[in-house]
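Right, one structure below, let's go through it.
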Amino acid sequence: MATVPYTTLNPLPTTTQARQVAQWVHELKLEALPQEVVTQTKYRTLDTIGTTLGGLDQDASLVIRKMVRDMRGRQQATVWGDGVKVPVKEAAHANGISACVLDFDDGHAGCGSHPSSVIVPTALTVGEWQHCSGADYLAAMAAGWEIMVRASRLLIEQSKGAQFAHTTGCSGAHGSAAAAARLMGLGDRATANALGIAMDYAPQATWQAIPVQGQMVKESIGWASLVGVSSAVMASYGFTGAYTMYDDGSPVTRQLLRSLGNEWEMARGYFKRYPFCRWTHASIASLTDIMKQHNLKAGDIVRVEAGVGPDAATLSSKRPPSVEALQYSFPIALGAVLAYGEASIRQGNNAALQDPRLLAQADKVSVKVDSWAASLPASRYPGVLTVTTRTGQTFTMRRETAPGDVEEHLSWTEVEAKFYDNAAVSLSKGTAQKVYDKVMSLERLADVSELVTLLARREKE
C-alpha cells in the first residue's frame, strides 16, 4: 500500500474524541474484524458491484461517465463500465452515482442511509489508485461503513431531526473520508483532519425532490464519494479540518464512539429485494403473496390500495418523469407486479417509463395514509395492502417488514442470485463469475486492481 506524504506543519484542530475516531480508522486491520463482518463486507461489496453493473445503461450513469471522460485529467482510477482512467475523486464520483441509479443499493434502517453505494466505490477506487491489498480494502470498507452509520446517527441527534441533515450524502461524506484515509495510509492526525474537512464540505441533499422532480442526485450519494475522497486527499497535503461532530462531548456521542470495534452496525443493515424505494417493499411483497395465494392474474384485479405512513403516501405518481421518480412510485412498483409478476431490474429502469403494459396496471393503484402504518416508527417501513377483484372480493395483507429487512434477511444465495441478475446487464456469465470469485477471495488479493480490471468495460450494450 502506497502512502501519501502528510506535512506536519499544521496542528491537529480536534479534541480527544475526534482523535479516538481517527486512530481507530487508521489502526483497523482485517484481523480485528469478526468473521461475520468479513462475510458481510464481501457480500455488500458483491451486491454493490452488481447494482452498479445493472445501472450502467441508465441516464444518470451515462451522463456522469461522459462528463468525467470529457474532463479527463491524471489517469489515477478507473471509471467502471468505460475502461478509462481519470483523477481518483472523479472516478469515485462517477462510480458512486452508478452504484445508486437503480435504487437497489443496501442500507441501514436505524440511520436511514445507504452506506455501501458510497463506501464501496470510494474504497475500490482509492484502493486501485493506491495499489492496496484486498485485506486493506476489507478493513477500509468496514471502517467507512461503521463511521458513516454513526455519523448519520449523530447528525440526526445534533440537528434534532432537521429536515435535510441526515440524508445519505451528508453522513456518507464522513464514511467515505474514513475509508479513503485508511487506504491512503494517513495517520490519525491527517485522518482527523479529513473527517473535519468532510464535516464542512458534506452535501445537504433533499430526498423529497426525487418523487416530484425526478432529479438524478439521489440523496447526493455520488457526491458523498467525491467529497470523502477529496477530503482525504486535501488532508494528505496538509489542509486542516474544522470542528467535528465527535467533539460535542454529549453522552450519545461518547456511547457511539465507545461502540467502535465492539458493535458492528454492518450486521444490522439490510439488502434490497426490489429496485424501488424501500417504502414500497412491504406493499410489493404483500401484492406478490396475495396474487400467489389466491391464484390471481392482473386481469382479475380492478383495484390495489396501498395504506402507508404519511411520508410514504407522497410516492403516488402514476406517470413519473424519470427513472429516479419511477423508483419512488407505488403505482409503478405495484403495477410491475401486476403486469409481470415481479418488481425487478427489468421494470425499475428507463424502459418502464414508456411501457404501456406496466402503465395500464399502474392506473389501478392508489395510495393513502393508514393509521396503523402511521403509528409505527418510520424505520419500520410498514404497509397495509388491499386488493379488490372483478368479482368484488377483497384481500388484505399487513406487513411491518419486507424481504431483505434485518427481520427477513436475504440468504447469501439470494444475494448471489441478485448479483448475477444485475451483472448480466453488462457482463458475460464468465466475467461475472470471475468478479464473484475475486470478491469472495478479497483477503488473498495482493492488489484490488485485479477486481477493478474486471469492471472496467461493459461486455454488453
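Read the figures in this text as sums done on the coordinates, not as results from a lab. Just so we're clear, the structure is a prediction, and the values are computed from it rather than from any experiment. Here the Cβ positions follow ideal geometry from the backbone for every residue, glycine too, while neighbour counts run over all protein chains shown.
Observations on the model:
- In region 402-456, the ratio of gyration radius to Kirkwood radius, Rg to Rh, stands at 1.05 when only Cα atoms are counted.
- Annotation note: trypsin sites (Lys or Arg not before Pro) in region 241-341 located in DSSP loop regions with a Cβ neighbour count of at most 12 within 10 Å are Lys297.
- Amide H contacts under 5 Å for Tyr270, placed H, 5+ residues apart: Gly107, His108, Ala109
- One chain, two ends: Arg69 and Ala374. Fully extended at 0.36 nm per residue, the span grows by 105.2 nm beyond their Cα-Cα distance.
- Here the spin labels are modelled as points 7 Å beyond Cα on the Cα-Cβ line, and at Gln35 and Thr413 they lie 2.0 nm apart.
- Here is how the number arises for the chain: DSSP H runs of 4 or more residues each give -39500 (n - 2.57), the sum is divided by the residue count, and the result at 222 nm is -15500 deg cm²/dmol.
- Extension gain from Ala351 to Asp248, taking 0.36 nm per residue of separation minus the Cα-Cα distance: 32.2 nm
- Euclidean distance of C-alpha centroids, region 56-78 and region 339-366, integer Å: 29 Å
- Once the Cα atoms are used to define both axes, helix 16-27 deviates from the longest principal axis of the chain by about 90 degrees.
- Of the trypsin sites (Lys or Arg not before Pro) in region 360-420, the ones in a loop by DSSP (not H, G, I, E or B) with at most 13 other beta carbons within 10 Å are Arg390.
- For a straight C-alpha distance cut-off of 27 angstrom, the lysines reachable from Lys29 (same-chain residues fewer than eight places away being disregarded) are Lys42, Lys89, Lys434, Lys438.
- Proportion of all alpha-carbon pairs of region 278-403 beyond 16 Å (%): 56 percent
- Length gained on full extension, Ala446 to Lys460, computed as 0.36 nm times the residue gap minus the Cα-Cα distance: 2.2 nm.
- Cβ-based exposure ranking for Asp106, Asp70, Asp421, Asp355, in which fewest neighbours within 10 Å come first: Asp70, Asp421, Asp355, Asp106
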